[in-house]
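The structure appears below as structure tokens.
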Amino acid sequence: MACVLGYSNLIDSATLSGTWTNTANLKTRYLAQKATAGAGAYLDIDLGSAQSIGLLALVSTSITTGTITITAGTSPGGSTLYNSGALSIYTGTDFAKSFTVVSARYWRIATSAGGTIGRVFIGPTFKPTNNIDWNPSIAVESKTGILESLGGPEYFDERPNRRIMTSQWSWLTDAEAYNVLLAIQRSHDVSREVYLILEDTDTSYRGSTNFLARFRTLSPVEWPYLSIHSCGIELGELL
């Protein structure tokens, strides 16, 4: 069991086809703009060339029943390189699956039940040999405005809240620290999206702990021991 961080989402540069409709909406970060999948429909994703993929997620989806099947092959619709089998939908606004890295150009997402999807995340993953420290926290940040009148009653401008995850990797190798995590922070800054799977073997709380996010802060890579590095992480949910 481990924390998994997806990065370098490739959906925006991919060619999309299949039987989902309004798939151009999957290439925007406005999650209210939706693609639609019918029962038994599928989305084909052509990445242009073979890419190393370790995570795929449907973000802001209304699909709450049925199954999702993820496959990858050497031709469109193929499954020779990866086949997830039928995965049961879990409660939450996203559906995310991490797996051993697969190098493939062609991917397919098949849905047994219909619904809408706001975004697809497909990309490589950062999953170092040693897990995050056993002190992660997930908080809810309120963006609601509060105005108190002279007489004391309060008035509220209610807005969506967001999840915030903070933790620390304290046992990173040289390559994990510099070639991957530091490189991700440099390329993603505080604006580009990542995807958090807090616990990759969890089947009970993933609807609450998996979400699309960005770095809230860029944390320094520290060098407390010979060949051992540490780095904090703070992620804010993208709405």
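The values are calculated or read from the model by the stated rules, or taken from the named source; none is laboratory data. Nothing here was measured: the structure is a model prediction, and the numbers come from that model. Neighbour counts are summed over all protein chains in view; Cβ atoms, including those assigned to glycine, are modelled from backbone coordinates with ideal geometry. Note: accessible area is taken over every heavy atom of the protein model, side chains too, but ligands, DNA and RNA are not part of it. Shrake-Rupley method; radii C 1.70, N 1.55, O 1.52, S 1.80 Å.
In the set L182, L239, which member is surrounded by fewer than 17 Cβ atoms within 10 Å (Cβ to Cβ) and among the aliphatic types (A, V, I, L, M)?
None of the other options fit; the residue is L239.
Please pick out the residue among I63, I53, I68 that is buried (at least 17 other Cβ atoms within 10 Å of the Cβ), β-branched (V, I, T) and over 13 Å from T111 (Cβ atoms).
Testing whether each residue is buried (at least 17 other Cβ atoms within 10 Å of the Cβ), β-branched (V, I, T) and over 13 Å from T111 (Cβ atoms) leaves just I53.
Among the residues of the stretch 201-217, what is the count of those that are closer than 15 Å to W169 by Cβ and at pLDDT below 95?
Within the stretch 201-217, the subset closer than 15 Å to W169 by Cβ is 215, 217.
Next, from what is left, pick out any that are at pLDDT below 95: 217.
Result for the stretch 201-217: 1.
If the requirement is being assigned to a helix (DSSP H, G or I) and buried (at least 19 other Cβ atoms within 10 Å of the Cβ), which of these qualifies: N9, N25?
Result: N25 is the single residue among N9, N25 that is assigned to a helix (DSSP H, G or I) and buried (at least 19 other Cβ atoms within 10 Å of the Cβ).
Among the residues of the stretch 121-155, what is the count of those that are over 30 Å from S98 (Cβ atoms) and open to solvent by 40 Å² or more (accessible area, probe 1.4 Å)?
Here is the first cut: in the stretch 121-155, the residues over 30 Å from S98 (Cβ atoms) are 144-155.
Now restrict to residues that are open to solvent by 40 Å² or more (accessible area, probe 1.4 Å): 144, 146-148, 150-151, 153-155.
Selection size over the stretch 121-155: 9.
Could you identify the single residue in T65, T61, T71 that is part of a loop (DSSP other than H, G, I, E, B) and more than 17 Å from the chain's Cα centre (by Cα)? Lay out the reasoning, then the answer.
On the way: T61 fails: more than 17 Å from the chain's Cα centre (by Cα); T71 fails: part of a loop (DSSP other than H, G, I, E, B).
The conditions single out T65.
Which of the numbered conditions does P160 fail, given that it passes all the others? Conditions: (1) under 21 Å from L31 (Cβ atoms); (2) touching a strand residue (DSSP E or B) at 6+ places or on another chain (Cβ under 9 Å); (3) of a type outside the set (A, V, I, L, M, F, W, C).
In the conditions (1) under 21 Å from L31 (Cβ atoms); (2) touching a strand residue (DSSP E or B) at 6+ places or on another chain (Cβ under 9 Å); (3) of a type outside the set (A, V, I, L, M, F, W, C), P160 misses (2) alone.
Any residue in the stretch 123-140 that is more than 30 Å from G73 (Cα to Cα), more than 19 Å from the chain's Cα centre (by Cα) and without any contact (Cβ under 8 Å) to a residue 12 or more places away in the chain?
Yes, because at least one residue in the stretch 123-140 is more than 30 Å from G73 (Cα to Cα), more than 19 Å from the chain's Cα centre (by Cα) and without any contact (Cβ under 8 Å) to a residue 12 or more places away in the chain.
Out of all the residues in the stretch 191-214, which are under 20 Å from P160 (Cβ atoms) and among the aromatic types (F, W, Y)?
Residues satisfying the conditions are Y195, F211.
Kindly list the number of the only condition in (1) under 29 Å from A183 (Cα atoms); (2) open to solvent by 30 Å² or more (accessible area, probe 1.4 Å); (3) over 13 Å from the mean Cα position of the chain (by Cα); (4) aliphatic (A, V, I, L, M) that fails for A39.
Here A39 clears every test but (1).
Residues in the stretch 201-219 that are open to solvent by 20 Å² or more (accessible area, probe 1.4 Å), of a type outside the set (G, A, S) and in contact with a helix residue (DSSP H, G or I) (Cβ under 9 Å, 6 or more places away or on another chain): how many?
3
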